[in-house]
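Coordinate-derived values only; no laboratory data. Just so it is clear, the structure is predicted and the values come from calculations on it, not from any experiment. Here the Cβ is made from the backbone with ideal geometry for all residues, glycine too, and neighbour counts use every protein chain on show.
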Amino acid sequence: MNLNALDLTAVAGYFVLIGILAYFTRRTKTFEEFSVGKHSVPAIMIFASLAATIVGPGFSIGFAGRGWSTGYVFYFLVLAYALQVVLVGLFLAPRLSAQRDCLSLGDVMRKKYGRLTQLLTGIVSVGLCIGFTAIMGKVGGATLHSVTGWPMLICLIAVTGTTALVTFSGGVRATIATEAMQFAIKSIVISAVVLLAVIGGKADLAQTADQAAELSRQALDGMNGWQITGVVLAFMLGEALIPPYANRALAAKGASGSKAGFVMAGLFCVVWLGMVTFLGVSAHAFVPADTAADDVLVLAARTVLPAGMFGLLLAAVMAIVMASQEAVLNSSAVAFVRDIVSVQRAPSERTTLALAKISTLVFAALAIYAAQYAPSIIDGLLLLYSIWAPTVLVPLVLGLFLENTRPAAGWLSILAGGSSSLVWQMALHEPGGVPSILVGLGAALLAYGLGHVMDRPVASTQQTGAA
Amino acid sequence: MDAATLPLTYLFAYVFPVAVIVSAAITLVALVDFIKDVYADIRIEDRARDRR
């Protein structure tokens with residue numbers, strides 16, 4: 001695929017912009033600055049950062065593919081996700097934001113359940129974040145590969161490596177600033193693609209509506225009740241308060257800023273997903289029928305955009321991938337240093353910051369390796385969702401509401417929820433079609449109750465964060 | 001779904017893209033303020049260090 005001067009200028013301009021933002025927000029002298037930006041980020045930036053992270057490859061490239069193959073069905077199922085973000089904003093994010101002495105999700109878990117639960121939270125968080133980084137890197141790498149023809153490994157290194165450098169240099173404030181810019185770029189470009197498709201006459205609305213109804217009917221006929229429940233639950237709970245989102249709540253200026261940021265991001269999901277789903281369905285009118293679902297967004301945009309504007313699309317795709325990667329990479333480093341390395345004894349401030357920066361690069365390298373074996377976007381996300389919700393979500397949510405929490409409730413819930421979900425999915429292959437996330441959540445709740453009954457409350461020293 | 005599909009399609013095709021562009025514009029304005037704040041923070045730290 002040949003790139004002309006305008007395309008190259010757009011791509012180069014994108015990287016220059018990211019470089020300028022990283023330069024102006026680069027300095028991090030303490031681990032607190034690196035992890036939560038001194039708890040000083042305003043609501044609108046929390047919104048932009050969350051929206052940029054949420055609208056990653058899965059909710060853009062992957063979702064256009066779902067529109068292409070299943071019409072509007074997935075849009076309605078995934079509204080559960082938007083609802084979750086709004087509910088988190090209304091009820092959980094302000095409580096999380098109130099934990100001003102916490103720099104990570106594991107810190108919150110330690111206050112509620114002690115060090116073992118913090119360590120388990122850290123291990124799950126790091127593994128999950130590397131998995132997310134790998135899946136997103138695979139999408140970005142594949143796009144770069146299809147455009148440049150470079151070897152896949154080089155493309156994976158180019159995409160994830162650039163993200164790692166931005167995250168390495170500036171911590172969470174640099175990450176949030178670049179995410180906001182990336183959010184703006186992808187929002188403007190993808191919206192322009194949709195409007196151009198409609199105004200330019202490529203997408204006929206009546207025809208698209210018929211196509212959507214037909215595809216939706218076929219998709220619904222092919223799904224049973226358990227499958228629908230599984231998808232709704234996975235999207236409703238699978239990403240709830242994962243480390244990058246929890247870190248945004250902790251980085252917010254205050255509880256009200258955190259609340260407003262999450263609620264706006266949830267509402268933005270409703271709008272964005274509708275727009276991208278429409279693009280996927282309408283593409284049937286102007287994209288070859290044998291196109292793979294994950295290629296629909298890029299091909300549709302390439303067809304619609306005027307000659308010489310393909311570079312803008314490339315910049316938007318890079319922005320989609322990198323924005324999500326930055327947030328999860330930053331969170332993986334924070335979780336590793338704070339919840340795994342420092343769980344017994346914290347190293348000095350300088351060593352902690354250096355470890356956080358180095359681990360950013362190491363986890364990026366691991367993600368590049370893992371990306372070569374990652375499944376398709378949506379399948380990969382659903383797999384990760386089935387691990388997060390049954391492990392950390394139950395003790396986290398209950399811990400934010402309950403007084404007198406018990407240590408055994410925390411670690412038992414994580415171990416029972418995670419292991420039962422994995423065994424149900426990997427070894428038993430979801431008997432009867434019952435989704436593993438449901439089994440894992442049930443086991444986590446039971447184990448939490450058991451641990452709560454058999455253990456004594458967390459020592460008051462731990463409740464105040466001194467442990 | 002059929003009866004609701006056409007109005008929904010109009011909503012997705014016209015209203016939502018405009019809403020997304022407006023969100024992006026608001027974010028860009030906020031981003032400039034955010035960078036100013038962060039950079040001012042850095043300058044204050046620099047001046048304090050120079051004085052020491």
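Within the stretch A:316-350, list the residues whose amide N lies under 14 Å from a label point set 7 Å along Cα→Cβ of A:THR30.
Correct set: A:349-350.
Between A:PHE286 and A:PHE91, what FRET efficiency comes out of the Förster formula 1/(1 + (r/R0)^6) with R0 = 45 Å and r the beta carbon distance, rounded to 0.05?
It comes out at approximately 0.55.
For A:LEU165, put the label point 7 Å out on the Cα→Cβ axis and report which residues of the stretch A:332-362 keep their amide N under 17 Å from it.
Counting backbone N atoms under 17 Å from the label point, the list is A:358, A:360-362.
Measuring from centroid to centroid over Cα atoms, what is the spacing of the stretch A:106-133 and the stretch A:164-230 in Å?
The two parts, judged by their Cα centres, are 30 Å apart.
Based on the Cβ-Cβ distance from B:VAL22 to A:LEU153, what FRET efficiency comes out when R0 is 45 Å, to the nearest 0.05?
Computed FRET efficiency for B:VAL22 and A:LEU153 comes out at 0.65.
Where the centroid of each part is defined by its Cα atoms, how far is the stretch A:414-429 from the stretch A:11-37 in Å?
Their Cα centres are 39 Å away from one another.
How large are Rg and Dmax for chain A when only the alpha carbon atoms are used, in Å?
Gyration radius and largest Cα-Cα distance of chain A: 21.6, 68 Å.
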